[in-house]
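The values are calculated or read from the model by the stated rules, or taken from the named source; none is laboratory data. Note that the structure is predicted; figures quoted are calculated from it, not measured. Quick reminder, even Gly has a Cβ in these numbers, built from the backbone with ideal geometry, and neighbours come from all protein chains shown. Quick note on the areas: whole protein, heavy atoms, side chains included, nothing else; ligands and nucleic acids left out. Shrake-Rupley method; radii C 1.70, N 1.55, O 1.52, S 1.80 Å.
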Amino acid sequence: MMNFRWKYNPTYLRIKYGFKQVLFPLLVFQFIRTIVFPTSFDVILLGLLAMLYVAISLEWL
């Protein structure tokens, strides 16, 4: 009998991919908001959201 263990907890993966699905529309909305009303807070928030999305997509998290 093989002793198989998950690399990641399935609950963690479910939360991670659910967060990725919510993050993309927020990223698009923030991009449009940054184009229309470019404040320094919007630019920083857009950068943080983009870095978080890339980190999840490349499985760094």
**One residue from L61, L52, L46 being outside any helix (DSSP H, G or I), surrounded by 10 or more Cβ atoms within 10 Å (Cβ to Cβ) and under 13 Å from the mean Cα position of the chain (by Cα)** = L61
**Single unsatisfied condition, T11 versus (1) open to solvent by 80 Å² or more (accessible area, probe 1.4 Å); (2) modelled with pLDDT under 90** = (1)
